[in-house]
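The values are calculated or read from the model by the stated rules, or taken from the named source; none is laboratory data. All values reported here derive from a predicted model rather than from experimental measurement. So basically every Cβ, Gly included, is an ideal-geometry build from the backbone, and we count neighbours across all protein chains shown. Remember, those area values only see protein heavy atoms, side chains included, never the ligands or the DNA or RNA. Shrake-Rupley method; radii C 1.70, N 1.55, O 1.52, S 1.80 Å.
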Amino acid sequence: MLVKTFGGALFGIESIPITIEVNIDKGIQFFLVGLPDNAVKESQQRIEAALSNTGFRYPKQKIVINMAPADIRKEGSAYDLPIAIGILAASGQVNPDQLDKYIIMGELSLDGGLKPIKGVLPIAIKARQEGFKGVIIPKENAYEAAVVNQLEVFGFENITEVIAFLNGDLQQEPIHIAESDLFETENQYGFDFSEVKGQENIKRALEIAAAGSHNVILIGPPGSGKTMLAKRLPSILPPLGLEEALETTKIHSVSGILGHHRSLVNTRPFRSPHHTISDAGLVGGGTIPQPGEISLAHNGVLFLDELPEFKRTVLEVMRQPMEDRIVTISRARMSIDFPANFMLVAAMNPCPCGYYNHPQQDCLCPPGMVQKYLNKISGPLMDRIDLHVEVVPVPIKELSERASGEQSHSIRERVIRARKIQEKRFAGSEGIYANAQMNSKQLQEYCVLDDSGQTLLKNAMERLSLSARAYTRILKVSRTIADLDESEAILKEHLSEAIQYRSLDRETWGN
């Protein structure tokens, strides 16, 4: 008897429907075809043990299983459940009438229990697009799939429940999640700018970075608060929209880090990889391509602490994703795109000893060492960082003050207002939503300076020995500062503030 069940294969952060054809005939052999990997091939032993331990019969006949389309590699143990249901239906133990209405996925344990799997959200989205009535998945993945509306989601703890449901012996209501409940924890970041003593100029710089989605580098001695400030940046970013949250959740789902019983990533990610990370760990890769840290930080913040300590090759592979906001991983048989729209926040000491430009301690580095340390970061990478912010230690007097600073939600309101101005400005521009993404044409249109502004910028370029690459960055940052002031024109004070954030471009730095 021939029976068909349906599953889903992951391709990047998208899913491809898979048809699992099971045919049982005379004989005693088992054939599994359709480009399965070793984990899929091992399903025979798991299925046989699970059926035996739950009281069902594993047919001692010739079983041929074809997974179509055959040119797409099937990976992982998530096909255990659809293959098992197909075998039971082909042997007359499960009613096959409902099988064409559901995508079925799940890993079987030897006692028949269902273990959670990766990538449930992309599979559920594809199921709705392909016109399936619903999905049958492990219970621990059910809330993740329930985010997709107009789709019936059934979560079960074991294969016995799945069989009873398909045979009509078990009545179960699909799981629903109200959209209003998805973002009820959107502001719970755990960190707040009110906890930061002093550092008002640094808070202002991070507010500008958040308002225009600008990359920023914090440079200062050890213990000056660089990491503490960076961790609080997500708390002032605009809240995630539903489309952003879905795309972010898909990446975390495919990576297997979403967490059980969690439906949606409703806060902006903050990723902080160690400086020993590999190229593939940062941008993604592997034999089976997986998202890297830059994709896991999609729609959030990627924090690189001790930036010069990262391998140069690792930093250089970030350049293209920072520009295109997408990373492409190519293999012999496939090319996969992962989103990588992140804000880069980097931190570094000003020199190897850490005390160059320190107000109280002397730098112990030999001549030329400061510039050599800075040169560990290539010019093209530094070119993609809009704000250079010098962080100095907070005086003891300010640390001992009991008064708290401005709360994150107050700063966030200003950031949201500035972002709304930019959304309106770039409404007709595909892929551009903030000032940091402006191209040269938009720069000329939206960053017009009057005569006094032109003179100020020209004098700054000459007197501070700023490099040519600083010019457009200053204009973009000044446009964001003007948006925070809700000013249509870029004024001299906006331009002056933007100029001070290019300290590492000065030829005098470290000399």
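Given the criterion at negative phi and more than 11 Å from the chain's Cα centre (by Cα), identify the matching residue among THR328, THR248.
Testing whether each residue is at negative phi and more than 11 Å from the chain's Cα centre (by Cα) leaves just THR328.
Pick out, from segment 1-97, the strands (runs of 3 or more DSSP E) lying fully within it that include 3 or more residues that are in contact with an Asp or Glu (Cβ under 9 Å, 6 or more places away or on another chain).
2-11, 62-68
Name the single residue that is most open to solvent (accessible area, probe 1.4 Å) among those in segment 122-143 being within 22 Å of GLU247 (Cβ to Cβ) and not in a helix (DSSP H, G or I).
Filtering first and then ranking leaves GLU130.
Before we move on, is ILE28 more than 39 Å from the chain's Cα centre (by Cα), β-branched (Val, Ile, Thr) and at pLDDT below 95?
yes
Among the residues of segment 225-244, which ones are assigned to a helix (DSSP H, G or I), within 26 Å of PRO350 (Cβ to Cβ) and either out of contact with any strand residue (DSSP E or B) (no Cβ under 9 Å at 6 or more places or on another chain) or without any contact (Cβ under 8 Å) to a residue 12 or more places away in the chain (or both)?
Correct list: MET228, ILE236.
Counting only residues that are closer than 19 Å to HIS388 by Cα and either charged (D, E, K, R) or in a helix (DSSP H, G or I) (or both), how many does segment 445-483 have?
19
Would you mention how many residues in segment 362-390 are hydroxyl-bearing (Ser, Thr, Tyr) and in contact with a strand residue (DSSP E or B) (Cβ under 7 Å, 6 or more places away or on another chain)?
Going through segment 362-390 one residue at a time, the tally reaches 0.
What number of residues within segment 236-262 are polar (S, T, N, Q) and open to solvent by 10 Å² or more (accessible area, probe 1.4 Å)?
1
Yes/no per residue for (1) hydrophobic (A, V, I, L, M, F, W, C); (2) modelled with pLDDT of 85 or more:
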{"site": "MET318", "(1), (2)": "yes, yes"}
{"site": "THR328", "(1), (2)": "no, yes"}
{"site": "ARG333", "(1), (2)": "no, no"}
{"site": "MET348", "(1), (2)": "yes, yes"}
{"site": "LYS372", "(1), (2)": "no, yes"}
{"site": "SER378", "(1), (2)": "no, yes"}
{"site": "ARG384", "(1), (2)": "no, yes"}
{"site": "PRO395", "(1), (2)": "no, no"}
{"site": "GLU401", "(1), (2)": "no, no"}
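Please work out which residue is farthest from ARG268 (Cα to Cα), limiting yourself to segment 152-193 and to residues that are modelled with pLDDT of 90 or more, assigned to a helix (DSSP H, G or I) and open to solvent by 50 Å² or more (accessible area, probe 1.4 Å).
Filtering segment 152-193 for residues that are modelled with pLDDT of 90 or more, assigned to a helix (DSSP H, G or I) and open to solvent by 50 Å² or more (accessible area, probe 1.4 Å), the one farthest from ARG268 (Cα to Cα) comes out as THR160.
So which residues in segment 197-223 are of a type in the set (Val, Ile, Thr) and modelled with pLDDT under 85, if there are any at all?
none
Residues checked against (1) touching a residue at least 60 places away in the same chain (Cβ under 8 Å); (2) closer than 19 Å to LEU114 by Cβ; (3) open to solvent by 30 Å² or more (accessible area, probe 1.4 Å); (4) under 35 Å from the mean Cα position of the chain (by Cα):
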| site | (1), (2), (3), (4) |
| --- | --- |
| VAL33 | no, no, yes, yes |
| VAL40 | no, yes, no, yes |
| SER52 | no, yes, yes, no |
| ARG57 | no, no, yes, no |
| ILE65 | no, no, no, no |
| ALA70 | no, no, yes, yes |
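Kindly evaluate VAL392 against the criterion of being of a type outside the set (Gly, Ala, Ser), touching a His at 6+ places or on another chain (Cβ under 7 Å) and surrounded by 13 or more Cβ atoms within 10 Å (Cβ to Cβ).
Against the criterion (of a type outside the set (Gly, Ala, Ser), touching a His at 6+ places or on another chain (Cβ under 7 Å) and surrounded by 13 or more Cβ atoms within 10 Å (Cβ to Cβ)), VAL392 does not qualify.
Determine which single condition VAL265 fails, assuming it passes every other condition in (1) among the β-branched types (Val, Ile, Thr); (2) modelled with pLDDT of 90 or more; (3) open to solvent by less than 10 Å² (accessible area, probe 1.4 Å).
(2)
For the subset of segment 422-436 comprising residues that are closer than 24 Å to ALA470 by Cα and modelled with pLDDT of 90 or more, which member is most open to solvent (accessible area, probe 1.4 Å)?
ARG425
Does segment 406-413 include one or more residues that are surrounded by 12 or more Cβ atoms within 10 Å (Cβ to Cβ), touching a helix residue (DSSP H, G or I) at 6+ places or on another chain (Cβ under 6 Å) and among the small types (Gly, Ala, Ser)?
Yes: segment 406-413 contains one or more residues that are surrounded by 12 or more Cβ atoms within 10 Å (Cβ to Cβ), touching a helix residue (DSSP H, G or I) at 6+ places or on another chain (Cβ under 6 Å) and among the small types (Gly, Ala, Ser).
It is to be established whether one or more residues within segment 400-412 are closer than 17 Å to ILE217 by Cα and not charged (D, E, K, R).
The answer is no, given that none of the residues of segment 400-412 is closer than 17 Å to ILE217 by Cα and not charged (D, E, K, R).
Consider segment 97-121. How many of its residues are surrounded by 22 or more Cβ atoms within 10 Å (Cβ to Cβ) and more than 19 Å from SER15 (Cα to Cα)?
Selection size over segment 97-121: 3.
Given the structure, is ALA489 open to solvent by 20 Å² or more (accessible area, probe 1.4 Å) and without any contact (Cβ under 8 Å) to a residue 12 or more places away in the chain?
No; evaluated as a whole, the condition is false for this residue.
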